[in-house]
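Engineer: Here it is, the structure in full.
The values are calculated or read from the model by the stated rules, or taken from the named source; none is laboratory data. Everything numeric in this text was worked out from a predicted model, so none of it was measured. Cβ atoms come from the backbone with ideal geometry, glycine included; neighbour counts cover every protein chain shown. Just the protein is used for accessible areas: all its heavy atoms, side chains included, with ligands, DNA and RNA removed. Shrake-Rupley method; radii C 1.70, N 1.55, O 1.52, S 1.80 Å.
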Amino acid sequence: MKLFDVYPINPINIVKGVGSLVYDDKGTEYLDLYGGHAVISIGHTNPHYVKRLEDQLHRIGFYSNSIEIPLQTQLAEKLGKVSGKEDYQLFLCNSGAEANENALKLASFYNGKKKVIAFRKSFHGRTSLAVAVTDNPKIVAPINETDNVIFLPWQDEAALEKAFAENEISSVIIEGIQGVGGIQVAKESFLQKIRSLCDQYNAVFIADSVQCGYGRTGKFFSHDFAGINADIYSMAKGMGNGFPIGGIIISPKIQPAYGMLGTTFGGNHLACAAGLAVLEVIEQDNLMQNAAEVGGYLIGELKKFEQVKEVRGRGLMIGIELPEELAHVRKDLLFKHHIFTGEAKPNVVRLLPALNLTKANADRFLEAFSTVLKNQPVVSV
């Protein structure tokens with residue numbers, strides 16, 4: 001049997017990681033500024049994280065949600081404290097797509113409506129409902145297609161108001177910063193408008209925080225910059241630092257009922273141990289502050305490069321938009337300077353490193369980036 005070939009793969013075999021550094025099977029060191037799609041939040045093989053998981057595995061790794069699992073309660077309490085959403089409720093699952101799937105389903109249970117507003121260039125996952133609200137026809141199979149999703153232009157308040165006036169809207173789902181869409185930061189006024197209209201029409205505000213949450217922007221949720229509370233926040237990626245875990249936190253106005261949501265693996269003992277370790281390190285090491293400071297430094301320095309068209313983002317969620325003639329930069333960074341970064345089509349380099357990235361790591365990247373751009377043409381304005 002061979003693997004189902006759906007991933008374009010770099011010919012690199014990473015076998016070890018420490019902090020923001022990873023090593024291949026030949027011993028070559030790489031600086032990891034991508035964290036495997038924003039997953040590595042507290043650094044590779046963080047000692048506290050490793051010990052938490054190892055200690056738990058020696059006790060019990062898994063049992064289903066048919067029994068008491070005190071670790072779930074501990075995780076909910078810690079998450080409430082660190083995020084500032086202590087009056088919310090936590091439902092645990094396994095991935096970002098599953099988190100958004102449950103958020104959309106729960107919203108429809110709550111108000112009995114079907115229509116969902118999503119936005120152009122959005123990405124919310126690959127499962128049935130999540131991919132239906134994702135603006136990428138290439139990954140939407142015919143069976144996923146539905147008339148219940150209304151795609152609106154990004155940050156078009158008039159279109160938003162019109163959609164609410166003309167439809168029975170169940171929910172609005174929006175990334176605080178679009179990731180796959182090219183690190184597009186939602187305006188605070190637009191998020192506030194969504195909150196206002198959801199209140200007016202009894203719709204549910206779903207804040208997709210899978211990539212832009214968990215402290216990456218300097219606040220726990222990037223939507224927090226708007227000074228509003230969403231009804232449901234979806235989470236995954238950095239939540240487990242590599243261990244599969246996802247979740248939604250739910251406003252107290254939405255009441256649970258037995259059987260409403262469910263999962264086999266969600267909230268298992270090992271997943272909760274991983275989730276607790278991540279929150280403990282974020283809190284103890286002031287990683288949200290570090291993300292804001294090092295990210296702010298990176299953004300400031302990147303804006304000095306004349307060849308760069310635009311730098312977007314907050315904290316350690318950064319997009320560097322390059323002209324078409326510099327489309328090679330990401331590959332040069334990887335193969336000539338051994339630095340992992342991400343991309344967003346067509347020519348955006350995405351930085352999504354661990355939240356404990358050091359200034360020395362940042363300078364190493366900036367030096368390599370400068371070298372790659374040297375002698376390249378300056379973008380005309």
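Engineer: Condition (residue is assigned to a strand (DSSP E or B), of a type outside the set (A, V, I, L, M, F, W, C) and either touching a helix residue (DSSP H, G or I) at 6+ places or on another chain (Cβ under 9 Å) or buried (at least 18 other Cβ atoms within 10 Å of the Cβ) (or both)) applied to the stretch 86-99: is it met by at least one residue? Walk me through how you get there before you give the answer.
Structural biologist: Restricting attention to the stretch 86-99, the residues satisfying the condition of being assigned to a strand (DSSP E or B) are 89-93.
From what's left, of a type outside the set (A, V, I, L, M, F, W, C): 89.
Next, only the ones that are either touching a helix residue (DSSP H, G or I) at 6+ places or on another chain (Cβ under 9 Å) or buried (at least 18 other Cβ atoms within 10 Å of the Cβ) (or both) stay: 89.
The answer is yes, given that some residue of the stretch 86-99 is assigned to a strand (DSSP E or B), of a type outside the set (A, V, I, L, M, F, W, C) and either touching a helix residue (DSSP H, G or I) at 6+ places or on another chain (Cβ under 9 Å) or buried (at least 18 other Cβ atoms within 10 Å of the Cβ) (or both).
Engineer: Which condition number in (1) in contact with an Asp or Glu (Cβ under 7 Å, 6 or more places away or on another chain); (2) open to solvent by less than 10 Å² (accessible area, probe 1.4 Å) is the one that VAL372 fails?
Structural biologist: (2)
Engineer: Please indicate, with yes or no, whether at least one residue in the stretch 256-263 is of a type in the set (S, T, N, Q), surrounded by fewer than 21 Cβ atoms within 10 Å (Cβ to Cβ) and touching a Cys at 6+ places or on another chain (Cβ under 9 Å).
Structural biologist: Scanning the stretch 256-263 turns up at least one residue that is of a type in the set (S, T, N, Q), surrounded by fewer than 21 Cβ atoms within 10 Å (Cβ to Cβ) and touching a Cys at 6+ places or on another chain (Cβ under 9 Å).
Engineer: What single numbered condition from (1) outside any helix (DSSP H, G or I); (2) touching a residue at least 12 places away in the same chain (Cβ under 8 Å) fails to hold for LYS304?
Structural biologist: Result: LYS304 fails condition (2) only.
Engineer: Can you confirm whether TYR7 is part of a strand (DSSP E or B) and not aliphatic (A, V, I, L, M)? Don't jump to the end; show me each part of the working.
Structural biologist: Working: part of a strand (DSSP E or B): no; not aliphatic (A, V, I, L, M): yes.
Judged against the criteria, TYR7 is not a match.
Engineer: Which condition number in (1) more than 25 Å from LYS345 (Cα to Cα); (2) part of a loop (DSSP other than H, G, I, E, B); (3) aliphatic (A, V, I, L, M); (4) touching a strand residue (DSSP E or B) at 6+ places or on another chain (Cβ under 9 Å) is the one that ALA271 fails?
Structural biologist: In the conditions (1) more than 25 Å from LYS345 (Cα to Cα); (2) part of a loop (DSSP other than H, G, I, E, B); (3) aliphatic (A, V, I, L, M); (4) touching a strand residue (DSSP E or B) at 6+ places or on another chain (Cβ under 9 Å), ALA271 misses (2) alone.
Engineer: Identify, by number, the condition in (1) touching a Leu at 6+ places or on another chain (Cβ under 8 Å); (2) more than 17 Å from GLY19 (Cβ to Cβ); (3) open to solvent by less than 40 Å² (accessible area, probe 1.4 Å) that ASP332 doesn't meet.
Structural biologist: For ASP332, the exception is condition (1).
Engineer: Mind counting the residues in the stretch 58-73 that are in contact (Cβ under 8 Å) with a residue 24 or more places away in the chain and either over 27 Å from the mean Cα position of the chain (by Cα) or open to solvent by 80 Å² or more (accessible area, probe 1.4 Å) (or both)? Before you say what the answer is, go through the steps one by one.
Structural biologist: The first filter runs over the stretch 58-73 and keeps only residues in contact (Cβ under 8 Å) with a residue 24 or more places away in the chain, leaving 59-65, 69, 71-72.
The next check asks that each one be either over 27 Å from the mean Cα position of the chain (by Cα) or open to solvent by 80 Å² or more (accessible area, probe 1.4 Å) (or both); those that pass are 59-60, 62-63.
Of the residues in the stretch 58-73, 4 are in contact (Cβ under 8 Å) with a residue 24 or more places away in the chain and either over 27 Å from the mean Cα position of the chain (by Cα) or open to solvent by 80 Å² or more (accessible area, probe 1.4 Å) (or both).
Engineer: Ok, one more. Which of the residues spanning the stretch 192-251 are of a type in the set (Phe, Trp, Tyr), part of a loop (DSSP other than H, G, I, E, B) and crowded, with 21+ Cβ neighbours inside 10 Å? Write out each step before concluding.
Structural biologist: Let us first name the residues in the stretch 192-251 that are of a type in the set (Phe, Trp, Tyr), namely 201, 205, 214, 220-221, 225, 233, 243.
In the following step, the residues that additionally are part of a loop (DSSP other than H, G, I, E, B) were identified as 214, 220, 243.
Result: TYR214, PHE220.
Engineer: Could you go through the stretch 263-286 and let me know if any residue there is among the hydroxyl-bearing types (Ser, Thr, Tyr) and within 26 Å of ILE14 (Cα to Cα).
Structural biologist: Residues of the stretch 263-286 that are among the hydroxyl-bearing types (Ser, Thr, Tyr), as a first pass: 263-264.
Adding the requirement that they be within 26 Å of ILE14 (Cα to Cα) leaves none.
Among the residues of the stretch 263-286, not one is among the hydroxyl-bearing types (Ser, Thr, Tyr) and within 26 Å of ILE14 (Cα to Cα), which makes the answer no.
Engineer: If I filter the stretch 13-56 down to residues being among the polar types (S, T, N, Q) and open to solvent by less than 50 Å² (accessible area, probe 1.4 Å), which single residue comes out as nearest to CYS212 (Cα to Cα)? Please lay out each step first, then the result.
Structural biologist: Start the filter on the stretch 13-56 by keeping residues that are among the polar types (S, T, N, Q), which leaves 13, 20, 28, 41, 45-46, 56.
When the remaining residues are screened for being open to solvent by less than 50 Å² (accessible area, probe 1.4 Å), the result is 20, 28, 41, 46, 56.
On the way: SER20: 19, THR28: 30, SER41: 11, ASN46: 21, GLN56: 29 Å.
For the stretch 13-56, the residue satisfying everything is SER41.
Engineer: Quick check on this structure: which one of VAL116, VAL131 is closer than 14 Å to ILE173 by Cβ and in a strand (DSSP E or B)?
Structural biologist: Values: VAL131 fails: in a strand (DSSP E or B).
Going through VAL116, VAL131 in turn, the sole match is VAL116.
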